[in-house]
Amino acid sequence: MKSYHFDCGNSTSGPVGLCARVRAESAEEAVATLNEALRQVPVLDVFPHGRVDYINVYLGKVTSDDIDDEEDVEDET
């Protein structure tokens, strides 16, 4: 089992950033797991003070090119 760190964008140098760490047997499995998790992120539809009508954040598919670190970890299952 490995632990993969994804770095997709950088909010220090741009308006949006995303980092994630995913445990998987391979980079391909980590990519699929993260993309599935991103599809499951709940939609926030309540905003404070009623001043924000909506916020949409669009993320393209994550690829193995977004992995910037890989570590061996023990399987906890």
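Please treat every number below as a calculation from the coordinates, not as lab data. Keep in mind that what you see is a predicted model, and the values were worked out from it rather than measured. Methodologically, a virtual Cβ is constructed for each residue, glycine included, from the backbone with ideal geometry; neighbour enumeration extends over all protein chains shown.
Summary of values
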quantity	calculated
Placed amide H near R23: partners under 5 Å, 5+ positions off or other chain	Y4
For the stretch 28-39, 3J(HN,Hα) per residue [Karplus equation, 6.51 cos²θ - 1.76 cosθ + 1.60, θ = phi - 60°, Hz, x = Gly/Pro]	4, 5, 5, 4, 5, 5, 5, 4, 5, 4, 5, 6
Neighbour net charge for D7 - beta-carbon separation under 12 angstrom, K R +1, D E -1	-3
Charge tally in the Cβ shell below 9 Å around D69, where Lys, Arg are +1 and Asp, Glu are -1, D69 excluded	-3
